[in-house]
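Right, one structure below, let's go through it.
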Amino acid sequence: MLPVSCERLDATPSGEQLEAVDQSNAGVVFFLLQGVDLEAMSRPADERLTEALAPLRTKLDMIIEMLGRLSYRDTELPPLSEIELSVNRIAWFSPRPWQRGDWLRIRLYFHPTFREPVVLLGKVTSCADDTRGDGCRVELGLVEMSESTGENIARLALLTQRRQRGQRPVPTVERRSE
């Protein structure tokens, strides 16, 4: 589940547009993965050090959150959408139908504070009414991007999915007392 926005392009993206999108995505994904890697680093086992640094970490998190809100106060996140993403394809549920062959610019927002999107360009390969009645399932064939950027986007998507699954509450079975 990610905030997703999409807009129709007037024409097939040019080589310059593709290069600009690829460079922008490389920077955004590098920054986001750097944060993930920092969180995954091993921490010192010294409990006193961890305890002493906890207030500092809390204050830094608060400052980063405030800076993010100031920097992106005019950037509203689009609604969350369940997506399927691979290196050459994306599918999601859109409230608006799109025509087969339409070129679209998709913006995926991976972080609620750092609101720089990963931009994907592609051509609609299918658009079918959703059985739930609240839009349609759109599938896009993505334009080719550099191998490293594609791999990093795939890694970011996988790590985001893992984090979301880890944050979901685990259903518990209530015990009945007799």
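Some observations on this one:
- Between the Cα long axis of helix 147-167 and the first principal axis of the chain there is an angle of about 50°, rounded to the nearest 10.
- Label point of LEU33 set 7 angstrom out along Cα-Cβ; within region 1-20, amide nitrogens under 19 Å from it belong to 19-20.
- Inter-label distance, THR113 to GLU65: 0.8 nm, where each label sits 7 Å from its Cα along the C-beta direction.
- Label-point separation in nm, GLN23 to GLU147, each point 7 Å along Cα→Cβ: 2.2
- Ordering 137-148, 92-103, 70-81 by mean Cβ neighbour count within 10 Å, with the highest value first, yields 137-148, 92-103, 70-81.
- Tail fraction, Cα-Cα pairs, region 17-128, threshold 26 Å, whole percent: 38
Bear in mind that the values in this text are calculations on the coordinates, not laboratory data. Computed from a predicted model, the values in this text were never measured in an experiment. Reconstructed Cβ throughout: ideal geometry from the backbone, glycine too, with neighbour counts over all protein chains shown.
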